[in-house]
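Data block below; observations after.
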């Protein structure tokens, strides 16, 4: 797995490191180290867009994955970490004979003002999904992006407590090769 630290560099430098170290964009993992800074979430968005482009994932799924990644990273920055904490975003692309599987996991420091355990996140997810079922009005409630948008677009969304205390948010989406080719021709 390639690990890149974006805390002290820019997008182009990170992209150059990736290009020098990843030979097969259809099968790789990249661990991105970032601090709780919204500027760094832009670099991560750009990298995800670059990875998707290399895998011929175009509209509408490239924009959706960028949105999902942005939601996961920004939640880690805003809710699960303190200013200056170091977080991780790991992106996996795995190709089999029939499918391309993409997974993204974000680890926050679990030290933020709104830190919550995986058990708490699962309960919150259930509550937010019930609000949708019962058509509860918005009324400034939070959690719309992660639970309502992200869970509708991916195959799996789960939360896990890491051994070192971090909260891990993980998503996965699979595409058949036919779906990728069909979408790239549109």
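Among the numbered criteria (1) in a helix (DSSP H, G or I); (2) in contact (Cβ under 8 Å) with a residue 24 or more places away in the chain; (3) under 17 Å from the mean Cα position of the chain (by Cα), which single criterion is violated by residue 39?
Single failed check for residue 39: (2).
At negative phi, touching a helix residue (DSSP H, G or I) at 6+ places or on another chain (Cβ under 8 Å) and either surrounded by 17 or more Cβ atoms within 10 Å (Cβ to Cβ) or at pLDDT 85 or above (or both): which single residue out of 154, 132 fits that description?
Testing whether each residue is at negative phi, touching a helix residue (DSSP H, G or I) at 6+ places or on another chain (Cβ under 8 Å) and either surrounded by 17 or more Cβ atoms within 10 Å (Cβ to Cβ) or at pLDDT 85 or above (or both) leaves just 154.
Name the residues in the stretch 42-60 that are more than 21 Å from residue 3 (Cβ to Cβ) and either crowded, with 19+ Cβ neighbours inside 10 Å or within 12 Å of the chain's Cα centre (by Cα) (or both), would you?
Matches in the stretch 42-60: 57 only.
I'm trying to understand the selection: among the residues of the stretch 8-32, which are assigned to a loop (DSSP other than H, G, I, E, B), out of contact with any helix residue (DSSP H, G or I) (no Cβ under 7 Å at 6 or more places or on another chain) and in contact (Cβ under 8 Å) with a residue 24 or more places away in the chain? I'd like the intermediate steps shown before the answer.
So in the stretch 8-32, the residues assigned to a loop (DSSP other than H, G, I, E, B) come out as 8-10, 22-27.
Then keep just the ones that are out of contact with any helix residue (DSSP H, G or I) (no Cβ under 7 Å at 6 or more places or on another chain); that gives 8-10, 22-24, 26-27.
Result: 10, 26, 27.
Residue by residue through the stretch 157-186, note down the ones that are within 18 Å of residue 59 (Cα to Cα), more than 13 Å from the chain's Cα centre (by Cα) and either in a helix (DSSP H, G or I) or at pLDDT 75 or above (or both).
174, 175, 176, 177, 178, 179, 180, 181, 182, 183, 184, 185
Report yes if some residue within the stretch 91-99 is surrounded by 20 or more Cβ atoms within 10 Å (Cβ to Cβ), at pLDDT 85 or above, in contact with a strand residue (DSSP E or B) (Cβ under 6 Å, 6 or more places away or on another chain) and over 25 Å from residue 21 (Cα atoms); otherwise report no.
no
The values are calculated or read from the model by the stated rules, or taken from the named source; none is laboratory data. Bear in mind that the values here come from a model prediction, so they are computed numbers and not experimental data. Every residue, glycine among them, receives a Cβ derived from its backbone with ideal geometry; neighbour counts consider all protein chains shown.
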